[in-house]
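A.B. asks: First the structure, then my questions, so here it is.
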Amino acid sequence: MKNVSSRAPECAIPGWRVIVSDTGRFWASRVKPFPGESEWYAPPFRTVDGDTFEQLRAEVERQEEAARNLEAVCDEAAEQSETGQTGGKEATLGTSEQVSR
């Protein structure tokens, strides 16, 4: 007998492979790895699970958001290292105040 209520929708989650276990638990694995550095012990995780499809979809969105946040941090760090900035805006303001005195 099939458990029809535990089946995932046809176009489940774009970019993720959805699997329903024989116990009815939902799993998703991202088709392409997340760009940049990703750790085994910290988000974003490439494979996630949930008791329901709605929980799985929410967990996938959390991983995608974590990846966007990580990418933004990495981009900001790379931009600062390219321009040679170490103190950010505060250092620039402090220098201009000293010059005008």
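A.B. asks: If Trp27 satisfies every condition in (1) surrounded by fewer than 10 Cβ atoms within 10 Å (Cβ to Cβ); (2) aromatic (Phe, Trp, Tyr); (3) at pLDDT 80 or above but one, which is the exception?
C.D. replies: For Trp27, the failing item is (1).
Listed here are the residues, each with its yes/no results for (1) in contact with a helix residue (DSSP H, G or I) (Cβ under 9 Å, 6 or more places away or on another chain); (2) exposed (fewer than 12 other Cβ atoms within 10 Å of the Cβ).
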| residue | (1), (2) |
| --- | --- |
| Tyr41 | no, yes |
| Arg46 | yes, no |
| Gly50 | yes, no |
| Ala58 | no, no |
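A.B. asks: Another question about this same structure. So in region 24-75, with the set limited to residues that are free of Cβ contacts under 8 Å to residues at least 24 places away in the same chain, out of contact with any Asp or Glu (no Cβ under 8 Å at 6 or more places or on another chain) and in a strand (DSSP E or B), which one is farthest from Pro14 (Cα to Cα)?
C.D. replies: Once the filter is applied, the top-ranked residue is Thr47.
The values are calculated or read from the model by the stated rules, or taken from the named source; none is laboratory data. As the structure is a prediction and not an experimental result, all values here were calculated from the model. Glycine also receives a Cβ, built like all others from the backbone with ideal geometry; neighbour counts cover every protein chain displayed.
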